[in-house]
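Just so it is clear, none of the values below were taken in a lab; they were calculated from the coordinates. Note that the structure is predicted; figures quoted are calculated from it, not measured. Glycine gets a Cβ as well: all are built from the backbone with ideal geometry, and neighbour counts include every protein chain shown.
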Amino acid sequence: MDKKLTEELKTKLEEQKKSIEKELETFAKKDDIPKGDWETKYPNRENGNMEEEADEVQEYGNMLPVEHSLELKLKNVNSALEKIKSGTYGICENCGKKISEERLQAIPEAKTCLKCGQK
């Protein structure tokens with residue numbers, strides 16, 4: 001893969017990272033144990049309005065899978081950025097072959113080639 005494309009994809013990954021972290025910050029707080037973990041903020045249930053408190057608890061429950069999904073995507077983005085630093089970016093984690101440029105342009109955090117990703 002040429003250096004120009006790698007730099008373009010690195011920039012795209014860094015922008016994704018910022019966007020994901022910004023979205024997570026709206027409803028979660030960073031928790032570094034384990035590293036890179038986020039914790040959905042539990043609602044303050046001391047306002048005296050039972051219906052409002054129930055809605056907040058329900059919203060908390062709804063945000064947990066969103067948090068998990070965003071954390072996973074952020075982990076994959078960070079992994080791709082680390083691979084760029086180490087010079088192993090664009091190599092399939094399953095078969096060791098190069099991931100196509102088209103796949104990386106569509107999904108810059110891809111860990112596998114298209115063939116292995118379809119298995």
Amide H of Ala28: which non-local residues (sequence gap of 5 or more, or other chain) have their own amide H closer than 5 Å, using H built in the peptide plane? Lys41
Efficiency of FRET between Lys97 and Ser19 - r from beta-carbon atoms, R0 30 angstrom, step 0.05: 0.50
Give the value in nm², to one decimal: projected area of the alpha carbon convex hull of the stretch 3-89, averaged over all directions. 6.5
Quick one: helix 50-86 against the long Cα principal axis of the chain, what's the angle to the nearest 10°, folded into 0 to 90? 20
On a 0 to 90 degree scale, rounded to 10, what angle separates helix 3-25 from the longest Cα axis of the chain? 10
Under Stokes-Einstein, the stretch 46-97 at 10 °C and 1.306 mPa s, with its Kirkwood radius over C-alpha pairs, diffuses with a coefficient in µm²/s of 112
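Would you compute, from DSSP H runs of 4+ residues alone, the mean residue ellipticity of the chain at 222 nm, taking -39500 (n - 2.57) per run and dividing by the full residue count, rounded to the nearest 500?
When only DSSP H runs of four or more count, the value is -20000 deg cm²/dmol.
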Could you work out the local net charge near Leu81, counting Lys and Arg as +1, Asp and Glu as -1, over the other residues with Cβ closer than 15 Å to its Cβ? +3
Protection proxy (average C-beta count within 10 Å per residue), highest first, orders 3-9, 86-92 as 86-92, 3-9
